[in-house]
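Shown next, in structure tokens, is the structure this report addresses.
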Amino acid sequence: DGKEVAFTCEVDKINFTKGCGYTGKQSPFSTKVHFAGKLPWKVEWPSVWKVLGITIEGAGKDHMTAGGSHDVAQQLCEKVLHYETPYPLAYEWFILGKQKMSSSKGIGASAIDMLKILPPNLLRFLMVRTKINSEINFDLQNPQMIPALFDEYQKCAMAYFEKGDEDLARIFHLSQIGKAEQPPTVRFSVLAQWIQMPNMDTEIKKSHAADWVPFAKYYIENFAPDAEKFLIQEKLPESAKSLTDRQKEFLKKVIHELDKQTDAEKFQFDMYELGKSLGLSGKDTFSAIYKVLIGKDHGPKAAWLILSLEKAFIKKRFEEALSIQDEEKVLEKSTVTKLQNADIFFLAKEVVEKYPSVAIGVAVIKNVSIKKENGDLEKEKEKLLESLTNLTTEEIGEFPELKSYRRLHKEMGVDWHSRRPSPEALLRRVALKKGLYKVNTCVDAYNLIVMKHRVSVGAFDLDNIIMPTSLDIAKGGEKILLLGDSEETVYKTGEIAYFDKKGPFNLDFNYRDAQRTLVSENTKNLYINVDGIYEVTPEKVEKVLREVCDSIMKYCGGSLETFGVETASV
């Protein structure tokens, strides 16, 4: 009657069971599910087939198993409703990562949410492109899944509009509603870079990509890995200090080219050729730009990035990077303070012969007062963390100091992935947002300098060392009880270590130290070393050693009694 449905469960209506005889009325519009006129879904499924005249019906493979939902619906359809069962199609599951989509278990994504991630035609494309007996794995934990889907869509569109592969063209055609439209000409991954640059509206408009911009922004904000995100740094990034001489020369040439360049494609090619003429690889060429603009060794296409910024800003930033490097160069020409005291430290002959670039800084500080923590030191640690906010693990691997330590580890036959050099281990904690260790005012103070300069430093309890100390190569079989371990570690032949008359007190260039020389709040006298090799020059070693001593004495007091650098060269 327009408001309610009248129904009767007739007793003898069918021959294989008895009805209950109940008669009543019920509104099908009730908001309360158990009062509404909605059939249980196993009954509703065949009812819909008959009412709508369905002839083909697909369903998930779990519904098509013997004795499953489809078999029940088939019996009801044929015996109760007297309607021919639609032709069945079993299809694979739609899964998210490793989990099957399930509305009852709350596993899945709503259509509204999905439309924030993909435009409607891409959602249809996701379904159409997949064979019926293959899973659709919409894995948002895979950062390349979304850009790859857009790339495939553009490939199928090209086949459709240029009369290419018929299967690809058919997939594109079935993904459309109404008239098919050309997708943007720019790749989605490039668009995701453009939206992070200023002044790219013209490029976006020229590529007909405006409709994809909201999806690119949503991807960057929610799914893109950190490696794909970047931000123009307000100040010169720390990574600019790792520029090589050839990279500096390249930046000088780019400055002279800026006013001539307006076309990004041509500029990109010209910069590649400039780098090539200086003996730089493509990666080293463009990483010079990324290091001074976004604080990474990788990024978007460099020409587009540069041309999206004001030329005056680019010139000023590049010149600032060059001036800092020049200051470092002047510093490196200074005279190194020699230790030359074999009663305290010496380099073993084998080390000098095998590693002629080695340089070790040594200092002794007496009468220190080490505390658990210091408020001003904690503030200094917080300030350092803030300056390294945008540091990435990829960037860490490009620092020349860390490359030097990795090279040494390889030459010693040590896997640097499992025994990371101490500066790298500390910086990785920062990059991975794990924070800094809190040990005591001595260790925390010198760790700040380690991270600032990316140079390995060790501090030891002088009263537990029997002089002289030396840097030597392990014969193999020597043992050391490392901090935090309950069993001794056995040295392999070729490993570098610091020794005193008792034996080794550290492993692999301050990778880890011995328990017997642990620096604690009871330590009164300190023995300190700084490790230099390859790109970590004697000049750099002295600079770091000076800052380490100043930092320790700032927070722990004490007096400096020994200071100098021992090198393999005379």
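Values as computed for the structure displayed
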| quantity | calculated |
| --- | --- |
| Candidate set from the range 483-512 (those that are charged (D, E, K, R) and crowded, with 22+ Cβ neighbours inside 10 Å); member that is modelled with the lowest pLDDT | Asp508 |
| Counted residues, the range 170-185 - those being open to solvent by 90 Å² or more (accessible area, probe 1.4 Å) and free of Cβ contacts under 8 Å to residues at least 12 places away in the same chain | 3 |
| Qualifying residue in the range 34-45 (condition: modelled with pLDDT under 85, within 24 Å of Asp1 (Cα to Cα), out of contact with any Cys (no Cβ under 6 Å at 6 or more places or on another chain) and in a helix (DSSP H, G or I)) | yes |
| Members of the range 249-278 found to be within 29 Å of the chain's Cα centre (by Cα), touching a residue at least 40 places away in the same chain (Cβ under 8 Å) and surrounded by fewer than 19 Cβ atoms within 10 Å (Cβ to Cβ), listed by number | Ala264 |
| Unique match (being polar (S, T, N, Q) and in contact (Cβ under 8 Å) with a residue 24 or more places away in the chain) among Ser242, Ser281 | Ser242 |
| Failed item, numbered, when Ile466 is tested on (1) part of a loop (DSSP other than H, G, I, E, B); (2) under 19 Å from Ile533 (Cβ atoms) | (2) |
| Leading residue by the ranking (surrounded by the fewest Cβ atoms within 10 Å (Cβ to Cβ)) among those in the range 424-448 that are closer than 24 Å to Asp500 by Cβ and of a type outside the set (Ser, Thr, Tyr) | Val439 |
| Among (1) in contact with a Ser or Thr (Cβ under 9 Å, 6 or more places away or on another chain); (2) not acidic (Asp, Glu); (3) not in a helix (DSSP H, G or I) - the single one Gln233 does not satisfy | (1) |
| Criterion violated by Asp71 - all others in (1) modelled with pLDDT of 85 or more; (2) within 30 Å of Met145 (Cβ to Cβ); (3) acidic (Asp, Glu) satisfied | (2) |
| Residue among Ser422, Ser418, Ser387 that alone is closer than 17 Å to Glu238 by Cα and at pLDDT below 90 | Ser387 |
| Members of the range 143-169 found to be under 27 Å from Ala109 (Cβ atoms) and without any contact (Cβ under 8 Å) to a residue 12 or more places away in the chain, listed by number | Gln144, Met145, Ala148 |
| Answer residue from the range 138-189, given it is more than 27 Å from Glu265 (Cβ to Cβ) and of a type in the set (Val, Ile, Thr) and is modelled with the lowest pLDDT among those | Ile177 |
| Test: Glu535 is in a loop (DSSP other than H, G, I, E, B), at negative phi, open to solvent by 20 Å² or more (accessible area, probe 1.4 Å) and touching a Pro at 6+ places or on another chain (Cβ under 9 Å) | yes |
| Contacts under 9 angstrom Cβ, first residue in the range 42-55 being among the hydrophobic types (A, V, I, L, M, F, W, C), partner loosely packed, with under 11 Cβ neighbours inside 10 Å, 6 or more apart | Trp49/Thr55 |
| Among the candidates Leu408, Leu377, Leu402, residue that is modelled with pLDDT of 85 or more, open to solvent by less than 40 Å² (accessible area, probe 1.4 Å) and touching a Ser or Thr at 6+ places or on another chain (Cβ under 8 Å) | Leu377 |
| Restricting the range 370-399 to residues that are in contact with a helix residue (DSSP H, G or I) (Cβ under 6 Å, 6 or more places away or on another chain) and not in a helix (DSSP H, G or I), the residue that is farthest from Leu526 (Cα to Cα) | Thr392 |
| Qualifying residue in the range 491-505 (condition: touching a Ser or Thr at 6+ places or on another chain (Cβ under 7 Å), hydroxyl-bearing (Ser, Thr, Tyr) and under 29 Å from Lys354 (Cα atoms)) | yes |
| Among residues of the range 506-520, those that are free of Cβ contacts under 8 Å to residues at least 60 places away in the same chain and outside any strand (DSSP E or B), counted | 4 |
| Subset of the range 188-245 that is touching an Asp or Glu at 6+ places or on another chain (Cβ under 8 Å) and aromatic (Phe, Trp, Tyr) - its residue that is most open to solvent (accessible area, probe 1.4 Å) | Trp194 |
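The values are calculated or read from the model by the stated rules, or taken from the named source; none is laboratory data. All values derive from a computational prediction rather than experimental measurement. Ideal geometry is used to build each Cβ from the backbone, glycine not excepted, and the neighbour counts take in all protein chains shown. Side chains included, ligands, DNA and RNA excluded: accessible areas come from the protein's heavy atoms. Shrake-Rupley method; radii C 1.70, N 1.55, O 1.52, S 1.80 Å.
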